[in-house]
Every structure is written in structure tokens, then in C-alpha cells.
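Beneath this line is the structure, given in C-alpha cells, with notes to follow.
The values are calculated or read from the model by the stated rules, or taken from the named source; none is laboratory data. Just so it is clear, the structure is predicted and the values come from calculations on it, not from any experiment. Virtual Cβ from ideal backbone geometry, glycine too; neighbours counted across all protein chains shown.
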């Protein structure tokens with residue numbers, strides 16, 4: 001599958017055709033395409049696709065157990081090299097109502113990333129709920145696309161997953177929100193589920209939280225606050241997400257002493273389905289104190 005040259009050019013790529021998938025797969029080995037790249041280095045993979053791989057393991061366990069995925073946690077133990085990764089997982093516990101999955105991504109036997117997936121027995125949504133529902137924000141249809149990052153910034157960073165992200169900013173009486181999607185498949189020749197796509201985009205929690213907060217400008221733009229990177233991701237799910245576009249709102253970013261927390265509520269066209277959180281660590285920008 002290929003992306004049209006016009007779309008690729010709009011994202012800042014050369015007009016040649018590029019792969020529309022992040023990985024190719026052979027067995028349990030996932031080989032990155034150009035779309036797996038990170039903005040930090042041509043030698044590293046973006047965290048979004050890595051989170052998608054952990055979610056893929058969770059979905060496999062859900063099919064096997066008949067349980068539903070309610071939490072995905074990804075610990076980014078070290079930078080992910082731009083190289084094939086082997087995905088492995090095992091049950092830490094498997095019961096009738098609960099299963100806990102341990103997931104590992106390895107490169108030549110060395111563990112690069114670890115994760116865990118909690119699965120629980122889920123009843124039909126009509127069987128009852130507690131807590132208020134939340135409707136989706138306006139969009140994404142009819143809202144002008146916004147660049148994920150300034151064009152000047154994109155011009156100086158390597159290609160990768162970050163260039164595929166489409167953003168549509170909006171605001172209503174509840175507050176600001178951002179709709180996100182990526183047209184990429186996680187694996188060439190395989191359908192990408194809403195859960196996996198949501199997990200891929202969830203790695204952008206801090207980036208989107210900072211951006212949506214600044215839309216109302218409740219905080220001054222402090223470069224020291226922006227110079228942080230996430231060390232993990234946790235995605236909690238009230239129900240399975242639906243569709244290809246996901247909204248992020250109710251942004252919270254806080255921290256002190258060089259560490260922080262970012263949090264967002266996630267919604268699809270039906271309304272709220274979960275929330276994502278990230279732990280942050282200071283990543284100083286040269287020349288800024």
C-alpha cells in the first residue's frame with residue numbers, strides 16, 4: 001500500500017512514494033519502515049509505533065481469553081533503535097475475570113521496551129454504567145487541519161511517524177480539544193484496529209496536552225517546561241475506542257524537580273472512552289537554563 005505523492009509532499013517528504021505502514025512483519029519480528037522514525041535521531045524509532053506493538057499483543061490476548069483490554073502500560077526502558085524488533089508476551093496471570101499480560105520488545109535478545117496489559121471481563125454496555133458520560137468535542141469534520149509541528153521545526157528533523165499525524169484543533173464550552181489521526185497502518189498488509197491506532201497516538205499525550213493548554217494560555221510558555229520527554233505511557237480504557245479519529249482534552253501538565261506528569265481524556269465520535277498519562281523527565285535544551 002502506498003501514500004500518494006501529494007500527501008507525502010504535504011508532510012514534508014520528497015515527492016517519491018513511501019510505505020504507508022510503519023512496520024513489515026515476518027513471524028514475530030517487526031522491521032521498521034521510514035515511517036517508524038523519531039524526531040530525535042535517524043537511529044531511533046518513535047515511541048508511538050512501539051506503543052502500538054504492545055497494544056497488538058493485548059488484542060491477541062483479548063481474542064484468546066475473551067476478556068477486554070482496560071489498561072496498556074508501556075515502559076520506555078531505553079531508546080528504541082531503528083532496527084527489527086521481536087515482540088514476545090506471556091501471561092503473568094490468566095483467570096476467568098482477569099488476565100495480566102507481560103510484553104517485551106527485544107533486539108538481538110536484549111530487552112528494549114517492556115509493557116503490561118490488564119484485561120478484565122466486560123459486560124455489554126447496556127448492562128449499566130456509573131459516572132457521567134461526556135460527549136465528543138466538535139469535529140473532526142468541517143475543521144481545518146492544523147500542522148502537528150511548525151514547518152520550520154519539521155524542516156530540521158528526520159522523517160518518521162511524527163510527520164504522519166493529522167491534527168484538528170477545536171474549542172467549545174467545555175474547553176479546548178485536539179482531534180488526531182494517522183493514516184498509517186501499523187503493519188503492512190494488516191488492518192489497524194482503533195485500539196492500536198489510539199495507542200500509537202497516545203504517545204503524543206505530553207505534546208498534545210501542552211499544545212491544547214496553550215490554546216487558552218493558562219500558563220506562560222516556559223521553554224524549561226517544554227524541554228521534557230516521556231519515560232512511559234499508560235492508557236486506561238472504559239470501553240473499546242471506535243473509528244480512526246480520536247479527540248484529546250482536559251489537559252493537565254504538572255511537575256517539579258525535573259519530573260512531571262501529563263494527562264489527557266480521550267474521546268471518539270461517541271464520546272469519552274478513556275484517558276492517557278505519561279511520566280516526564282527533564283531533557284534540557286542547550287542554552288536554556
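If you filter the stretch 58-86 down to residues that are within 23 Å of residue 34 (Cα to Cα) and part of a loop (DSSP other than H, G, I, E, B), you find that the one that is modelled with the lowest pLDDT is 77. Scanning the stretch 1-57 for residues that are outside any helix (DSSP H, G or I), in contact with a helix residue (DSSP H, G or I) (Cβ under 6 Å, 6 or more places away or on another chain) and modelled with pLDDT of 95 or more, we see that the one that is farthest from residue 146 (Cα to Cα) is 45. The listed residues are 131, 109, 115, and the only one of them that is surrounded by 20 or more Cβ atoms within 10 Å (Cβ to Cβ) and either under 16 Å from the mean Cα position of the chain (by Cα) or modelled with pLDDT under 95 (or both) turns out to be 115. All conditions but one from (1) surrounded by fewer than 23 Cβ atoms within 10 Å (Cβ to Cβ); (2) modelled with pLDDT of 95 or more; (3) touching a helix residue (DSSP H, G or I) at 6+ places or on another chain (Cβ under 8 Å); (4) under 21 Å from residue 79 (Cβ atoms) apply to residue 226; the one that does not is (2). With respect to the conditions (1) within 20 Å of residue 273 (Cα to Cα); (2) surrounded by 24 or more Cβ atoms within 10 Å (Cβ to Cβ), residue 70 lacks only one, and its number is (2).
Does residue 266 meet the test of being at pLDDT 90 or above and either closer than 18 Å to residue 40 by Cβ or loosely packed, with under 14 Cβ neighbours inside 10 Å (or both)? When the stated conditions are applied, residue 266 does not pass them. Looking only at residues in the stretch 73-88 that are touching a helix residue (DSSP H, G or I) at 6+ places or on another chain (Cβ under 9 Å) and under 13 Å from residue 30 (Cβ atoms), which one is surrounded by the fewest Cβ atoms within 10 Å (Cβ to Cβ)? Out of the qualifying residues, it is 88. Test residue 234 against the stated conditions and say whether it is within 27 Å of residue 132 (Cα to Cα), crowded, with 19+ Cβ neighbours inside 10 Å, modelled with pLDDT of 95 or more and out of contact with any helix residue (DSSP H, G or I) (no Cβ under 7 Å at 6 or more places or on another chain). The answer is yes for residue 234.
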